[in-house]
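Scroll down for the structure; my scribbles are underneath it.
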Amino acid sequence: RPAIVWFRDDLRLSDHPALHDAAQTGRPLLCVYVLDDKTPPLRPLGGASRWWLHGALAHLKKNLAGHGGSLLVLRGPSKDTIMALASVTHAASIHWHTRLHENERAQDAQIAKALSTESIDVREFCGTTLLPPETVRTKEGGFYRVFGSFWKAFRQHDVPEPLDVPQGITFHPNAETLLPKSHLNEAGLLPTKPDWAAGLRKTWEPGEAEAQEHLQDFVAHAMSHYATGRNLVAREGTSRLSPYLAFGEISPRQIWATIISKGSHGEGSETFLAEIGWREFAKYSLFHMPQMPTRNLSAKFDALKWRNSDTDLKAWQQGQTGVPIVDAAMRQLWQTGWMHNRARMIVGSFLTKHLLIDWRRGEEWFRDTLVDADWASNTTNWQWVAGTGIEAAPFFRVFNPTLQAQKFDQDGDYIRQWVPELKKLDGKALFEPWNAPEDILDRAGVTLGKTYPRPLVDLKEGRERALAAFRAL
Ligand code: FAD
């Protein structure tokens, strides 16, 4: 009777507590992934995530084959599929990592109950966060709503050491023949026509080994100046680990242990640990506030009169707003499936404040186009940027995109890379072409309204409109 390991958003072999536990039973292992596009109300994956998932599963399959095993990829509703597999194989136990949203937990609880009635042992572990979300509590036993206090309390706890890949695992001999399996290539995860993923293929290689390379690269080249380098949009000053973390090709405990083992790098390593802390806080918030993905955390914003402009939304999505730093960032997202964090804040503020468009429209677009789209991080950050959450960032803090560009893209390299039609402009003209003298634009071959759009909104007026809507609450 085999032990089933159900892989979900933890597509790795090292530091995998569920796999470890299953291996310790001494039973033959059956590793499975279920592609479930059916079960409501869990939200479907966006296009870029589906592309990444394909690569991550292919790598996991290969890694398992290297240990003499295989990965069964099945399609269908999670519960029926897992129950059928358990029944056909007479499984003795099933091992998985806890998921955090209440809908996910409800689904898992249902499956666990059905399995238990068949006398199958269900074993669940914390595998996607540093600590289980119930661990960090306020004095009154509640949960923290503000990152600073959460982080202070979190640091009082020890983070468990990561686990190695278990040795000497035996695998179920006929795993591949048990149920009609889905061929990964037929699972419809990759785009066909149009093939929009060329930029993603050029930028990324999913996989557990690649995740470790990114981490080592970051520690060697960027960590010591991360505290300042992380804000410069044209520089590779961050780790780019986010998609690997989103699919669990690396665990946060592995990152934590690596950074701690390097000793203190002063501000750089502390700031980086705090960013890993923001990820943890996002998951913690999703666990404690399941309404976060769809509802304003602060209910007073329910009365805010958002603008319903499909034209403006589309211009924002396509990087055609006429504000160079915003367009550069939106095009980086479309072409690579990733956007720099500073740029995410700038475009988020522009959408929700200058264009006064609901943060949920922005969250939706990010969810579809980011390779690191994560239910918790995306929604926490959109609520934070919009100022509709309960974190410290207020609604009336409106980023001025040109000042942000002057500060964080000082030489304009980021804008020139992603908005090449402006590449012959310099200095202020590059940051705000609408204020540049005609002759400068002429010499650079720029005609506003023709080769590059005029701004969708006057920045001052947009700001005033947002503040007025806020005051009306
Ligand atoms: P690094 O700077 O190297 O940071 C290391 C890791 O820390 C990241 O990989 C990430 O896991 C975590 N991290 C860093 N900043 C944050 C943050 N603000 N919130 C949560 N975790 C953080 N991140 C996602 O992983 N998925 C999302 O869907 C997502 N949506 C976002 C939406 C908006 C509007 C904003 C402002 C930010 C969003 N972020 C999201 C957070 C952040 O922008 C990315 O995690 C970061 O840019 C990823 O690049 P990196 O791995 O090089 O980050």
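Each value in this text was obtained by applying a stated rule to the coordinates, not by laboratory testing. Everything quoted here is computed from the prediction, not taken from an experiment. Note: ideal-geometry Cβ built from the backbone for every residue, glycine included; neighbour counts use all protein chains shown.
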Item to complete: Alpha carbons only, please: Rg and Dmax for region 299-471, in angstrom.
Response: 15.7, 51
Practice prompt. Report, in deg cm²/dmol and to the nearest 500, the calculated mean residue ellipticity at 222 nm for the chain, where each DSSP H run with n ≥ 4 adds -39500 (n - 2.57) and the sum is divided by the residue count.
Written response: -13500 deg cm²/dmol
Fill in: residue 65 paired with residue 460, simple spin-label distance in nm, labels 7 Å along Cα-to-beta-carbon
6.4 nm
Response to the item:
Per the Kirkwood formula over distinct C-alpha pairs, the hydrodynamic radius of region 4-74 in angstrom is 13.2 Å
Fill in: Where Rh is the Kirkwood radius over Cα pairs, Rg/Rh for the chain
0.99
Fill in: Acute angle (nearest 10 degrees) that the helix 47-66 long axis makes with the longest principal axis of the chain, alpha-carbon atoms
40 degrees
Worksheet item: Using modelled amide H (1.01 Å from N, peptide plane; none on Pro or chain starts), what sits under 5 Å from the amide H of residue 171, excluding residues fewer than 5 places away?
Response: 29
Discussion item. Give me the extension gain from residue 424 to residue 105: residue separation times 0.36 nm, minus the current Cα-Cα distance, reported in nm with one decimal.
Written reply: 109.5 nm
Discussion item. Normalised radius of gyration for region 165-318, please: alpha carbon Rg relative to 2.2 N^0.38 Å, two decimal places.
Written reply: 1.41
Worksheet item: Computed on alpha carbon atoms, what radius of gyration and Dmax characterise region 390-466, expressed in Å?
Response: 14.3, 48
Worksheet item: Over all distinct alpha-carbon pairs, what is the Kirkwood Rh of region 14-126 in angstrom?
Response: 15.2 Å
Practice prompt. Provide the FRET efficiency to the nearest 0.05 for the residue 302-residue 407 pair, computing r from the beta carbons and using R0 = 35 Å.
Written response: 0.55
Worksheet item: At residue 310 and residue 209, where each label point lies 7 Å from the Cα along Cα→Cβ, what is the point-to-point distance in nanometres?
Response: 4.8 nm
Discussion item. Given points 7 Å out from each Cα along the Cα-Cβ axis, report the residue 121 to residue 468 separation in nanometres with one decimal.
Written reply: 6.8 nm
